[in-house]
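Notes follow once the structure below has been shown.
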Amino acid sequence: MASPSLDRYDPDQAPTARDKGFDKVLDGIHRGVVAVDRFINRVIPEEFNPFYYLGGMTNVLWILLVPTGIFLWFYYKPTTSDAFSSVNYLTAVVPFGGIIRGLHRYSGDGMILMAILHMLRNYFTDRYRGFRDVPWVSGVVLLLLTGLVGMTGYLLVWDQRALIITTAIVQALQSLDGIVGGLGSFMAKALLAGNEPNNLTLARMFFLHVGPAVLIFFFLWVHYLRLHRPKIWPPMFVTLLTVGAVVLAAGILPIEKTLAAGVPLASDGSSSIVYDVFYLLPVLALPNLGGAGVLAVLLLIFGILFIVPWLPRKKHRYVNVAFVTPENCTGCQLCAIDCPFDAIVMVEGANPNPRNKELAVVNDDKCAECGICVGACPFHAINLPLAGEDMIKDKVVALLS
Amino acid sequence: MTQATVSTDKLSTENKHLSSNGKPKIIGFVCEWSLGRNDIIHEDGTVKGYEHIKTIKIPCSGFVKTEWVTVAFENNAQGVFVLGCPLGDCHFNEGNFIINERLSQHVTRLTNRKTIDDAGRVAELYLGVTADTEFTQSLEDFSRYIESLPPLAAPVKKAKGAAKPASKAAPVAAAGGEA
Ligand code: HEM
Ligand code: SF4
Ligand code: SF4
């Protein structure tokens, strides 16, 4: 093999060589996304472009959901007989109850909207494969959990809508019986805590609302695991924009009034019932697709999302991961501090020079091949194999001669 | 260990700072996620239409060692720029913020040491992959600014070395998104 050189690095090995097939289509979309950014950057300073902080905005909305949810929980009674009246009580009587319910509702809507935008942006700007497989796959789990939490949230109110949704879900599950034995009926029974909605049903729903919400915290931890300093909090301007939008929505769009589950539906059908397009889309699709159809579509979508980081995979992976020259490393930690992907561990006692406590060691799986550590090291101890610092220096000299 | 030693041939130092098109030599480090993959740069790194501006493609603006900036000035470069993606949109999340920090420190060091006379000789550009026109516009401005400065004294350690430290405001430095 020829010795590594900049020329070998440049043309084909470069991570951005996306000039063939599907990659070329993605590259076109990437350029489109960046063009939109450029437009926004004309209006507001680029450091505050909300599109750069979609993940952080999702996180802000999630954090908004927790205290508002706890507030609602103070008043909520998870029984079919009392749930509806307890929700009505907290909305109409409890000071700020209506507003807080609105905040909970609209930050929930905002969260899934932002999560989807965040996902699309990461996909279209090629931030999803290679070393980003862990954030991507955990992100898909987060999306699934968010959807589940949102949908069960609508059941907790136990109004006409909740009953319709519950009936639809039960029917969808039961329609699976033909495909997977009695599993569908079993799941429906588990969901309702019986054959019919009864006083224990809402305890199940409540568990399905709060349980996955707790799991979200766990998967967020996984989501941020590979990032050294994830942009969890956007700049103040963007945070205020996010919170402000939700407060505004809660102020001008009070939560719609519904009727208790026990009230029979008006004869003109479900036309007066409002469905949330973000969380109840699968339910809305039920009449057309049928239970098995909706489940199949969801399975297909999430199945594809889960394997997206490997379609097409990053071909140049591991070609250019940083390597340390132990003799030069002083253990100063500068590279480990600057690495955005937490890919450098400082190993105690490994340094060939006994006077230096630690040695920088690169974790190949986490390394993004960005070279930020190269710029950080004052001691010529860390380099990218295909773009070594001496190669660059030579090139600087050559270009200037 | 730097191979970047400069020939001390006095006669040829006269025009060493000029490129073949008679304009001051400028070198740029270009992030391949930013404009690095557009065809406004020739294979050999020369920017189309700017014979005197050479570029080196790099994986991320945060990859740039400030040492290379010094090496460039020691080898008769009259201006150095780093091109990264818009701040906040680094493909590697933090590269452009990091180089922004490192360069602001390094430029102070360079001016204090009198390696360069004017902080404006180092420019940072933060542009997205579609910003061709902004890129050429910024280069045009940068080039014109460098032309307005007296040639950098040859980096040979001599009394004449200290060119006047005109501390003009640097118009092109950090000329991201605008323009
Ligand atoms: C549902 C709640 C979610 C929250 C709160 C969330 C939050 C975040 C945050 C704060 C970051 C780091 C900052 C950033 O780069 O924007 C991040 C990164 C990331 N997220 Fe999410 N995310 C969520 C869902 C998703 C989903 C659905 C996907 C895709 C399927 C996804 C994929 C990613 C990826 C690939 C990264 C790494 C980006 C990088 O390395 O620059 N996330 N997320
Ligand atoms: S910056 Fe260089 S010397 Fe310091 S720990 Fe990292 S590799 Fe070692
Ligand atoms: S190249 Fe260096 S800074 Fe970049 S991810 Fe790898 S170890 Fe971290």
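The values are calculated or read from the model by the stated rules, or taken from the named source; none is laboratory data. The structure presented is a predicted model; accordingly, all values stated were derived computationally and were not measured. Cβ coordinates were reconstructed from backbone atoms using ideal geometry, including for glycine residues, and neighbour counts include every protein chain displayed.
General remarks:
- In the stretch B:59-98, the residues that are part of a helix (DSSP H, G or I) and more than 7 Å from every other protein chain (Cβ to nearest Cβ): B:Ser61, B:Thr66, B:Glu67, B:Val69, B:Thr70, B:Phe73, B:Glu74, B:Asn96, B:Phe97
- Matching entry among B:Thr111, B:Thr115, B:Thr130 (being at pLDDT below 95, hydroxyl-bearing (Ser, Thr, Tyr), over 16 Å from B:Phe73 (Cα atoms) and surrounded by fewer than 22 Cβ atoms within 10 Å (Cβ to Cβ)): B:Thr130
- Which listed residue, of A:Leu117, A:Leu148, A:Leu103, A:Leu113, is within 30 Å of A:Glu369 (Cβ to Cβ) and either among the hydrophobic types (A, V, I, L, M, F, W, C) or part of a loop (DSSP other than H, G, I, E, B) (or both): A:Leu117
- Matching option when the condition is out of contact with any strand residue (DSSP E or B) (no Cβ under 6 Å at 6 or more places or on another chain) and away from ligand 1 (no atom under 16 Å from the Cβ), among A:Ala350, A:Ala398, A:Ala360, A:Ala336: A:Ala398
- Enumeration of residues in the stretch A:318-350 that are among the acidic types (Asp, Glu) and modelled with pLDDT of 95 or more: A:Asp338
- Each residue in the stretch B:13-57 was checked for being of a type in the set (Val, Ile, Thr) and within 7 Å of another protein chain (Cβ to nearest Cβ), and 2 pass.
- Residue count for the stretch A:212-266, restricted to those that are touching a residue at least 24 places away in the same chain (Cβ under 8 Å), among the β-branched types (Val, Ile, Thr) and not in a loop (DSSP other than H, G, I, E, B): 8
- Yes/no for A:Arg317 being within 13 Å of ligand 3 (Cβ to nearest atom), in contact with a helix residue (DSSP H, G or I) (Cβ under 9 Å, 6 or more places away or on another chain), farther than 20 Å from B:Val82 by Cβ and touching a residue at least 40 places away in the same chain (Cβ under 8 Å): yes
- Residues that are among the β-branched types (Val, Ile, Thr) and within 18 Å of A:Arg129 (Cβ to Cβ) were ranked within the stretch A:26-44; the one that is nearest to the other protein chains (Cβ to nearest Cβ) is A:Val33.
- Residue match in the stretch A:300-315 (condition: buried (at least 17 other Cβ atoms within 10 Å of the Cβ), modelled with pLDDT under 90 and within 16 Å of ligand 1 (Cβ to nearest atom)): yes
- Apart from one condition, A:Asp394 fits all of (1) exposed (fewer than 15 other Cβ atoms within 10 Å of the Cβ); (2) in a helix (DSSP H, G or I); (3) not assigned by TED's automatic domain parsing to the domain that holds A:Leu120; the exception is (1).
- Looking only at residues in the stretch B:99-115 that are assigned to a helix (DSSP H, G or I) and of a type in the set (S, T, N, Q), the one that is farthest from ligand 2 (Cβ to nearest atom) is B:Thr111.
- Residue tally, condition more than 8 Å from every other protein chain (Cβ to nearest Cβ), part of a helix (DSSP H, G or I) and over 13 Å from A:Cys339 (Cβ atoms), over the stretch A:353-391: 1
- Checking A:Leu183, A:Leu202, A:Leu113, A:Leu191 one by one, the residue that is away from ligand 2 (no atom under 16 Å from the Cβ) and at pLDDT 95 or above is A:Leu113 and no other.
- Qualifying residue in the stretch A:274-295 (condition: small (Gly, Ala, Ser), surrounded by 16 or more Cβ atoms within 10 Å (Cβ to Cβ), away from chain B (no Cβ under 14 Å) and farther than 27 Å from A:Gly139 by Cα): no
- Conditions (1) more than 30 Å from A:Ser81 (Cβ to Cβ); (2) within 16 Å of ligand 1 (Cβ to nearest atom); number of the one not met by A:Ala296: (2)
- Extreme residue, farthest from A:His223 (Cα to Cα), among residues of the stretch A:329-369 that are touching a His at 6+ places or on another chain (Cβ under 8 Å) and near ligand 3 (Cβ under 6 Å from one of its atoms): A:Glu369
- Any hit, the stretch A:388-399, residues being under 30 Å from B:Pro24 (Cβ atoms), near ligand 3 (Cβ under 10 Å from one of its atoms) and touching a helix residue (DSSP H, G or I) at 6+ places or on another chain (Cβ under 6 Å): no
- Evaluated against (1) within 13 Å of ligand 2 (Cβ to nearest atom); (2) in a helix (DSSP H, G or I), A:Ala350 falls short on exactly one condition, (2).
- Index of the failed condition, A:Tyr89 passing every other in (1) touching a helix residue (DSSP H, G or I) at 6+ places or on another chain (Cβ under 8 Å); (2) farther than 14 Å from A:Gly153 by Cα; (3) part of a loop (DSSP other than H, G, I, E, B): (3)
- Enumeration of residues in the stretch B:32-57 that are under 18 Å from B:Gln137 (Cβ atoms), at pLDDT 85 or above and of a type in the set (A, V, I, L, M, F, W, C): B:Ile40, B:Ile41, B:Val47, B:Ile53
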